[in-house]
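Values in this text are rule-based calculations from the coordinates and carry no lab data. Because the structure is predicted, anything quoted here is derived from the model rather than measured. Cβ coordinates were reconstructed from backbone atoms using ideal geometry, including for glycine residues, and neighbour counts include every protein chain displayed.
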Amino acid sequence: MNLVSLAAGSVRAVLFDLDGTLADSAPDLAGAGNDMRVARGLPVLPLSHFRPVVGSGARGMVERALGVLPQDPAFAECRDEFLARYEARMTRETQVFEGLPPVLAAFARHAMPWGIVTNKASRYSIPLVRSLAALDAAATLVCGDTTPHAKPHPAPLLEAARRLCVDSSRCLYVGDDLRDVQAGTAAGMATVAVRWGYLGSGAPIDSWGASFVIESPSELLKLLAMA
């Protein structure tokens, strides 16, 4: 899909990933990891130590915080502790990425419906989204436990399209992880990969096969001819 087809109005709804795309949740995720370290008499680590693995969820954060791997006998207990600590503080420092509120406001002016599709479980996603005023206008929120499958399976994206009553081929999915591009492509959607996200430590973003790669939120309005 090219810029001309987008400008021609082929997109009828925009779907976003949550962590690393709409919300910068790394400070609270890293904070939960550091809370675990402090409880064990270990020094606090910088945000830069945790940020590259934010997209890996509790698994990556526990590994970075304590060096505990999923195959370790202590992992399950550490994971549960991390999730409890994160839930207790998850709205403390998390914010919507700079530049996104004007984009979402432009969607409202142009009557462009938008929603959120995340692998984050609903017990965390729902209160987090509610705490961020800029995300109040989301037309739907599909969480990691909404459908039987999580991304990169297309099921969550197809469910979001169904809820919005928009054919999946008319949706644009925006994310910061290879799984987002894989899920969007499998759902028949055009995809946008964002450089401001967490990106992970795997293949570089330009190799993901996204329809578009953008540097800043304002570029999304240009793609949709709303700028």
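Based on alpha-carbon centroids, what's the gap between the stretch 24-65 and the stretch 165-210 in Å, whole number please?
Going from one Cα centre to the other spans 25 Å.
Which listed residue (ALA155, TYR198, CYS165) has the Cα farthest towards the positive end of the charge dipole for the stretch 147-227, taking +1 on Lys and Arg C-beta and -1 on Asp and Glu C-beta about the Cα centre?
Farthest along the dipole direction, towards plus: CYS165.
If packing is taken as the mean number of other Cβ atoms within 10 Å per residue, what is the order of 109-122, 46-59, highest first?
Details: 109-122: 19.0, 46-59: 17.4.
Ranked from most to least packed, the peptides come out as 109-122, 46-59.
Which entry in [x] 1.04; [y] 0.98; [z] 0.92 matches Rg/Rh (Cα atoms, Kirkwood Rh) derived from the coordinates of this structure?
Matching entry in [x] 1.04; [y] 0.98; [z] 0.92: [y].
Just how large is the dipole of the stretch 26-89 about the Cα centre, in debye to the nearest 20, putting +1 at every Lys and Arg Cβ and -1 at every Asp and Glu Cβ?
Details: 8 positive and 8 negative charges, 42 e Å.
Roughly 200 debye, rounded to the nearest 20.
Does the stretch 26-89 classify as rounded, prolate or oblate by the C-alpha gyration tensor (a ≥ b ≥ c root eigenvalues; a/c under 1.5 gives rounded; else a/b over b/c gives prolate, otherwise oblate)?
Values: a/c = 1.32, a/b = 1.20, b/c = 1.10.
Since a/c stays below 1.5, the shape of the stretch 26-89 is classed as rounded.
What's the magnitude of the charge dipole for the chain around its Cα centre, counting Lys and Arg as +1 and Asp and Glu as -1 at the beta-carbon? Answer in Debye, nearest 20. Let's see the in-between values first.
Details: 21 positive and 23 negative charges, 61 e Å.
Taking the Cα centre of the chain as origin, the dipole is about 300 debye.
For the chain, what is the calculated [θ] at 222 nm in deg cm²/dmol (nearest 500), taking -39500 (n - 2.57) for each run of four or more DSSP H residues and dividing by its residue count? Spell out each step's value before the answer.
On the way: 10 runs with 93 residues, N = 227.
Here the helix-only value at 222 nm equals -11500 deg cm²/dmol.
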